[in-house]
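*Asks:* Before anything else, here's the structure in question.
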Amino acid sequence: SAVISQKPSRDICQRGTSLTIQCQVDSQVTMMFWYRQQPGQSLTLIATANQGSEATYESGFVIDKFPISRPNLTFSTLTVSNMSPEDSSIYLCSVDGGLNTGELFFGEGSRLTVL
Amino acid sequence: AQKVTQAQTEISVVEKEDVTLDCVYETRDTTYYLFWYKQPPSGELVFLIRRNSFDEQNEISGRYSWNFQKSTSSFNFTITASQVVDSAVYFCALSEAVTDKLIFGTGTRLQVFP
């Protein structure tokens, strides 16, 4: 199974600032996914990040607000830009288990509170 | 469009009771995958099971069992002899075969009381 580390685990941010969340995987993976879980809600996919190409964003999410980097097969970052209280959420990184395992693993999440 | 419905928002049971969490899905794909995840109060998502659309065999893993019925587009999850540690939010999810993108249901919060 893949082990995923996310940083920061939680943060309190001021309105208008930006924060970058890091996702490190202990093995090389093709696809990495970023999800958002708003308080008390389900998870919503923000974007899919493949190494060497631009991230693919889901409807309702744009690159200017959520820029993503994927410099190699074990690492990705998600930036939440110009934050507002509505961005207060848990942001989760997810990877496929590879080798057609069918398992999708999640990091522990980064809980952001925007004041 | 793909959609996952978990009609039960919250379920409360007493320890040792059996409980079934319902999941109904919609997809036009012929090949897809269904998942269940557990999210305990600590927040991490724990993978429980993945089932592909061509495998309708029910599965049992310890106290957990899953009933996949394509005819009713359902993938229900039963916990037998529930325990307090089973208290969590359980998410059912659907993914496209090619992209692995997960569409989550809204989750069912299970509370097991001693």
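*Asks:* Would you point out which residue out of A:SER76, A:SER27, A:SER59 is farther than 21 Å from B:GLN2 by Cβ, modelled with pLDDT under 95 and either in a strand (DSSP E or B) or out of contact with any Phe, Trp or Tyr (no Cβ under 6 Å at 6 or more places or on another chain) (or both)?
*Replies:* Values: A:SER76 fails: modelled with pLDDT under 95; A:SER59 fails: farther than 21 Å from B:GLN2 by Cβ.
None of the others qualify; the one that does is A:SER27.
*Asks:* If you take the residues of segment B:83-94 that are of a type outside the set (A, V, I, L, M, F, W, C) and in contact with a Leu (Cβ under 8 Å, 6 or more places away or on another chain), which of them is nearest to B:SER61 (Cα to Cα)?
*Replies:* Of segment B:83-94, the ones of a type outside the set (A, V, I, L, M, F, W, C) are B:83, B:86-87, B:90.
Pick out the ones that are also in contact with a Leu (Cβ under 8 Å, 6 or more places away or on another chain) and you get B:86-87, B:90.
Values: B:ASP86: 14, B:SER87: 18, B:TYR90: 16 Å.
Per the criteria, the residue is B:ASP86.
*Asks:* Another question, then. Has segment A:6-18 got any residue that is closer than 25 Å to B:GLU96 by Cβ, more than 11 Å from the chain's Cα centre (by Cα) and assigned to a strand (DSSP E or B)?
*Replies:* no
*Asks:* At pLDDT below 95, out of contact with any Ser or Thr (no Cβ under 7 Å at 6 or more places or on another chain) and crowded, with 16+ Cβ neighbours inside 10 Å: does that describe B:SER74?
*Replies:* On the way: at pLDDT below 95: no; out of contact with any Ser or Thr (no Cβ under 7 Å at 6 or more places or on another chain): yes; crowded, with 16+ Cβ neighbours inside 10 Å: yes.
No.
*Asks:* Okay, next question. Only one of A:ARG36, A:ARG15 is surrounded by fewer than 13 Cβ atoms within 10 Å (Cβ to Cβ), among the basic types (Lys, Arg) and modelled with pLDDT of 95 or more; which? Working first, answer last.
*Replies:* Values: A:ARG36 fails: surrounded by fewer than 13 Cβ atoms within 10 Å (Cβ to Cβ).
One residue alone meets the criteria, A:ARG15.
*Asks:* Determine whether B:GLN8 is closer than 22 Å to A:PRO39 by Cβ and in contact (Cβ under 8 Å) with a residue 60 or more places away in the chain.
*Replies:* On the way: closer than 22 Å to A:PRO39 by Cβ: yes; in contact (Cβ under 8 Å) with a residue 60 or more places away in the chain: yes.
So B:GLN8 fits the description; yes.
*Asks:* In segment B:70-84, which residues are farther than 17 Å from B:GLY105 by Cα and either in contact with a His (Cβ under 9 Å, 6 or more places away or on another chain) or touching a residue at least 12 places away in the same chain (Cβ under 8 Å) (or both)? Walk me through how you get there before you give the answer.
*Replies:* Taking segment B:70-84 as the starting set, the residues that turn out to be farther than 17 Å from B:GLY105 by Cα are B:70-71, B:79-84.
Of everything in segment B:70-84, those that are farther than 17 Å from B:GLY105 by Cα and either in contact with a His (Cβ under 9 Å, 6 or more places away or on another chain) or touching a residue at least 12 places away in the same chain (Cβ under 8 Å) (or both) turn out to be B:LYS70, B:ILE79, B:THR80, B:ALA81, B:SER82, B:GLN83, B:VAL84.
*Asks:* Continuing with this model, one more query. From (1) free of Cβ contacts under 8 Å to residues at least 12 places away in the same chain; (2) surrounded by 12 or more Cβ atoms within 10 Å (Cβ to Cβ); (3) within 14 Å of chain A (Cβ to nearest Cβ), pick out the condition that doesn't hold for B:SER42.
*Replies:* Unmet condition: (2).
*Asks:* Among the residues of segment B:1-9, is any away from every other protein chain (no Cβ under 11 Å), closer than 15 Å to B:ASP86 by Cβ and part of a loop (DSSP other than H, G, I, E, B)?
*Replies:* Yes; the residues of segment B:1-9 include at least one that is away from every other protein chain (no Cβ under 11 Å), closer than 15 Å to B:ASP86 by Cβ and part of a loop (DSSP other than H, G, I, E, B).
*Asks:* While we're on this one: Taking the options B:VAL24, B:VAL14, name whichever one is touching a residue at least 40 places away in the same chain (Cβ under 8 Å), among the hydrophobic types (A, V, I, L, M, F, W, C) and surrounded by 13 or more Cβ atoms within 10 Å (Cβ to Cβ). Step through it out loud before you land on a result.
*Replies:* On the way: B:VAL14 fails: surrounded by 13 or more Cβ atoms within 10 Å (Cβ to Cβ).
One residue alone meets the criteria, B:VAL24.
*Asks:* Tally time: how many residues in segment A:79-115 are of a type in the set (Gly, Ala, Ser), modelled with pLDDT of 95 or more and outside any strand (DSSP E or B)?
*Replies:* 3
The values are calculated or read from the model by the stated rules, or taken from the named source; none is laboratory data. What you see is a predicted model; the values in this text were computed from it and never measured. For neighbour counting, all protein chains shown are included, and Cβ atoms are generated from backbone atoms with ideal geometry for every residue, glycine included.
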